[in-house]
Amino acid sequence: MTEATGGIEMEEDTSGKVKKFLYVNRKAPYGTIYALESLEVVLIAAAFDQDVSLAFLDDGVYQVVKGQHTKGIDVKNFSPTYRALEGYDIEKLYVEKESMEARGLKESDFIVPMKIIGAQEMADLMLSQDVVLSF
Amino acid sequence: MKFGILINEGPYTHQASDTAYLFAKAAIEKGHKIHRVFFYHDGVYNSSRLTEPPQDDRHIVNRWQKLAKDHHIDLVVCVAAALRRGIKEENLQEGFRISGLGQLIESGIQSDRLVTFGD
């Protein structure tokens, strides 16, 4: 059992099987722990060489907004971790256009380059996945 | 069909664990297989051996324990989420085991459907 693979011996029968995993993030980064613990899943999952995408919808779009300052609430600012995802070969990051616009955000407000897609396209993306994990 | 289950909420406050249990039971009765239940976020509290609901209420922890024993279901509690919330081997109910998030990903890979219960 290793830390990096989260208790899995990689020789077990997951090797070779590649599924499409989509992580759906719908909640604001602070106030609840969902966003942080979702990111922990994504980082562990990276060791499994699966086809990974991340989607940000509703208040979840705030998770990837630039310039987060959390000192005042005494909670760790984990947003720089999103910048490290590229190093884990996680490059398919989607923001739902409607959620972004409803919150007065624009493409340049995000901490990493995001693909901005509409609700219909987002629905199609979800439909095309094998495993959808919503946090 | 082979199902994996993910539970993201604690017992009693939220219906997630109840619904997951009823889903698992119904699926088994229909001849499907539940190979693993993974407890994450506050869902890790579903494994506490210290849980003592009133006599006339359902015992969510022991109910999972029994279902798992009867049908060989792997009950896995996320170690990081558990330690954050004070769940350790010493207060873990028998029939549950503590392991890593890799068990959740493996469940997603190996099962035909991974079903999430929570908000």
Neighbouring Cβ atoms within 10 Å as the yardstick, rank B:I28, B:I98 fewest first.
B:I28, B:I98
Loop GluC sites (Glu not before Pro), segment B:61-119, which have at most 15 other Cβ atoms in a 10 Å radius of their Cβ (DSSP)
B:E94
Difference of contour (0.36 nm per residue) and Cα-Cα distance, A:A119 to A:T81
11.1 nm
How would you classify segment A:20-134 from its alpha-carbon gyration tensor, with a ≥ b ≥ c the square roots of the eigenvalues: rounded for a/c under 1.5, else prolate if a/b is greater than b/c, otherwise oblate?
oblate
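Since every read-out is calculated from the coordinates, none of them should be taken as a lab result. Small disclaimer: the values here were computed from a predicted structure and weren't measured. Using ideal geometry, Cβ is built from the backbone for each residue, glycine included, and neighbour counts are taken over all protein chains shown.
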